[in-house]
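The values are calculated or read from the model by the stated rules, or taken from the named source; none is laboratory data. What you are looking at is a predicted structure, and each value in this text was computed from that prediction instead of being measured. Because the Cβ atoms are built from the backbone with ideal geometry, glycine has one as well, and the counts that use them run over all protein chains shown. Each accessible area value is taken on the protein alone, full model and side chains, heavy atoms only, with ligands, DNA and RNA left out. Shrake-Rupley method; radii C 1.70, N 1.55, O 1.52, S 1.80 Å.
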Amino acid sequence: MTPILQIDPPLEVRMAEIVFPNHTNHMGTLFGGQAMAWMDKAAFLAAARYSRRTVVTARSDQLDFKLPIRIGQMVETIGRIVSVGRTSMKVEVELVTEDLQTGTRKLCTRGEFVMIALDADGHPTEVPRMPASAQDTPA
């Protein structure tokens with residue numbers, strides 16, 4: 001088996017979905033609410049994985065729907081920790097479609113989420129500092 005490169009703490013999570021008719025709106029494209037749910041899930045997973053804490057969404061910023069996503073397309077949802085505060089993490093999330101027949105990939109949606117880490121009592125708690133090497137690496 002090929003060894004898997006592990007950055008500690010992990011900064012990225014990737015999820016793949018296929019767009020089925022129940023995910024779409026009246027135009028046959030991915031319903032915006034479904035896109036937002038997948039993006040929030042990726043932000044949650046990236047932040048929880050990075051911090052190893054319970055996390056909640058504090059804010060979503062600037063969701064840009066650039067291209068429609070159609071039935072039958074694969075959607076890769078990519079969440080990346082881009083900055084860390086004392087108790088918060090900013091996660092950039094992208095939805096990238098891939099045509100399974102041609103391999104063509106397109107960035108369709110991008111947004112940012114702020115996630116807050118919580119302790120066992122539900123109060124904000126500190127998260128690990130972002131590794132210096134990750135701050136210097138372009139996303």
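Just a few scattered comments:
- Output for region 28-61, where each listed residue is in contact (Cβ under 8 Å) with a residue 40 or more places away in the chain, open to solvent by less than 60 Å² (accessible area, probe 1.4 Å) and not small (Gly, Ala, Ser): Thr29, Leu30, Trp38, Met39, Asp40, Tyr50, Val55, Asp61
- Given (1) touching a strand residue (DSSP E or B) at 6+ places or on another chain (Cβ under 9 Å); (2) under 30 Å from Val127 (Cα atoms); (3) of a type in the set (D, E, K, R), number of the condition Asp8 does not satisfy: (1)
- For Glu94: the one exception among (1) within 17 Å of Lys41 (Cα to Cα); (2) open to solvent by less than 60 Å² (accessible area, probe 1.4 Å); (3) in contact (Cβ under 8 Å) with a residue 24 or more places away in the chain: (3)
- Leading residue by the ranking (farthest from Val114 (Cα to Cα)) among those in region 124-138 that are at pLDDT 80 or above and either touching a strand residue (DSSP E or B) at 6+ places or on another chain (Cβ under 7 Å) or open to solvent by less than 90 Å² (accessible area, probe 1.4 Å) (or both): Pro131
- Per the conditions (1) surrounded by fewer than 16 Cβ atoms within 10 Å (Cβ to Cβ); (2) at pLDDT 95 or above, the sole criterion not satisfied by Ile71 is (2).
- Residue match in region 115-128 (condition: in contact with an Asp or Glu (Cβ under 9 Å, 6 or more places away or on another chain), of a type outside the set (A, V, I, L, M, F, W, C) and part of a strand (DSSP E or B)): no
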